[in-house]
Amino acid sequence: NHWEGRAADIATVDGQDVTPSCAVCRSFAEEVVTLGSGRPDEMGVPWADLVGAGGWNVFSDSDHQDHVHVGYS
């Protein structure tokens, strides 16, 4: 989705770098997970326990440890 201009990577939340230990960043990701209509179609995060959360395409891998990826189909 990046190539089509339908995705973005978020590297900081409230001035804090996205890392597995960033509580503010995780809170942001948890809020996105619970969104209904208007939420992204995919989200990559550093937190493996959020994978599949909310019943949609939330994933975690080694490439998504320093940012939150949001993408729309």
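Calculated FRET efficiency, Glu30 to Glu4, Cβ-Cβ distance, R0 = 30 Å: about 0.65 to the nearest 0.05. One quarter of the surface of the convex hull around the alpha-carbon atoms of the range 16-64 equals 3.3 nm², the direction-averaged projected area. Projecting each Cα onto the charge dipole of the chain (Lys/Arg +1, Asp/Glu -1 at the beta carbon, about the Cα centre), which of His67, Val24, Gly36 comes out farthest on the positive side? The Cα lying farthest towards the positive end belongs to Gly36. The stretch between Arg39 and Thr12 holds 7.8 nm of extra length on full extension. This uses 0.36 nm per residue minus the Cα-Cα distance.
Where a number appears in this text, it was derived from the coordinates with a stated rule and is not lab data. Please read these numbers as outputs of a predicted model, since none were measured by experiment. Positions of Cβ are generated from backbone atoms using ideal geometry, with glycine treated the same way; all protein chains shown enter the neighbour counts.
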